[in-house]
Amino acid sequence: MMTLAAVMLAVFVWNQLFETRRGEVTTGQTQTFPEPETEPPAPTLPLMDFTDLLAMNPDIVGRIVIEGIGLDEPVVQGTDNAYYLEHTPERKKHKNGSLFLDFRNNKEFRNFNTVLYGHYRSTGEMFGKLKLLRKQETFDRVTEGMLYTPERTYRLEIFASVLTISTSEFYHLIFLGRPRREMHLEMIRDEAVCYRDIGATPDDRLLTLSTCSYEYEEARTVIIARIAG
């Protein structure tokens, strides 16, 4: 006959397993969706008109502009991380694909770490020029970008560039508590090729831009910016 302590332990373990599996997604791997973690500040910048873009495709969630490297593209979010690898924002099949949010991220950019993917193109299209920000001269010159959404306009404060692998912790989406976010910020500082101290804190929201690189198998160029009002 089970003791009371054994019964309580069994209940605890069952609850933990239930909470873990409740958030799993059916993509062939165990993943959970990050909850919106940070309430954005009151809007202060003028809005962009998204009427025509949303009429073309309701999956469009924003537009990213980094003038210093000639980047100006719509941002989409699908129901997986596959469709927009080979479909444009107009939903036409094309090798360039689109710039797209990880489907598990909040489309209003309210997670601590939002990941934005795009193909590398040697012609400079899509995220073809992100690699330039791994050069100190360009990194020192290009410090900001803009992120437009239907509801808000944000400044992007670029503070790190990284060469990493596709399975690295830079793509982590679930942060259970402030210490875990602090660890993520420390990792960025320690592993960055180029870095500037902008005073990023666990209360900020980050945008992680990711594209393929070819220094080694599964290499990725990652640029990290703080989303600011």
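A few points about this structure:
- Flag for E215 being more than 28 Å from P74 (Cβ to Cβ) and surrounded by fewer than 19 Cβ atoms within 10 Å (Cβ to Cβ): yes
- Qualifying residue in segment 141-149 (condition: surrounded by fewer than 20 Cβ atoms within 10 Å (Cβ to Cβ) and in contact with a His (Cβ under 9 Å, 6 or more places away or on another chain)): no
- One residue from Y171, Y154 being surrounded by 15 or more Cβ atoms within 10 Å (Cβ to Cβ) and within 14 Å of the chain's Cα centre (by Cα): Y171
- Checking each residue in segment 121-140 for being of a type outside the set (D, E, K, R) and surrounded by 18 or more Cβ atoms within 10 Å (Cβ to Cβ) picks out M126, F127, G128, L130, L132, L133, F139.
- Note on segment 58-80: residues that are part of a loop (DSSP other than H, G, I, E, B) and touching a strand residue (DSSP E or B) at 6+ places or on another chain (Cβ under 7 Å) total 3.
- Members of segment 175-207 found to be surrounded by 16 or more Cβ atoms within 10 Å (Cβ to Cβ) and in a loop (DSSP other than H, G, I, E, B), listed by number: F175, A192, V193, A200, P202, D204, R205
- Residue in segment 109-134 that is nearest to E151 (Cα to Cα), counting only those that are in contact with a strand residue (DSSP E or B) (Cβ under 8 Å, 6 or more places away or on another chain) and of a type in the set (D, E, K, R): K129
Per-residue answers, yes or no, for (1) at pLDDT 95 or above; (2) of a type in the set (K, R); (3) part of a helix (DSSP H, G or I); (4) at positive phi:
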{"position": "N111", "(1), (2), (3), (4)": "yes, no, no, no"}
{"position": "G124", "(1), (2), (3), (4)": "no, no, no, yes"}
{"position": "L133", "(1), (2), (3), (4)": "yes, no, yes, no"}
{"position": "D140", "(1), (2), (3), (4)": "yes, no, yes, no"}
{"position": "L147", "(1), (2), (3), (4)": "yes, no, no, no"}
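- Residue match in segment 113-120 (condition: touching an Asp or Glu at 6+ places or on another chain (Cβ under 6 Å), surrounded by fewer than 20 Cβ atoms within 10 Å (Cβ to Cβ) and either under 21 Å from M48 (Cβ atoms) or not hydroxyl-bearing (S, T, Y) (or both)): no
- Residues that are over 9 Å from the mean Cα position of the chain (by Cα) and hydrophobic (A, V, I, L, M, F, W, C) within segment 113-139 comprise M126, F127, L130, L132, L133, F139, listed in sequence order.
- Contacts under 6 angstrom Cβ, first residue in segment 120-135 being closer than 23 Å to L101 by Cβ, partner crowded, with 20+ Cβ neighbours inside 10 Å and polar (S, T, N, Q), 6 or more apart: Y120/T211; F127/T211; L130/T211; L130/T221; K131/T221; L133/S161; R134/S161
The values are calculated or read from the model by the stated rules, or taken from the named source; none is laboratory data. Quick caveat, the model's predicted, so the values are computed rather than measured. Using ideal geometry, Cβ is built from the backbone for each residue, glycine included, and neighbour counts are taken over all protein chains shown.
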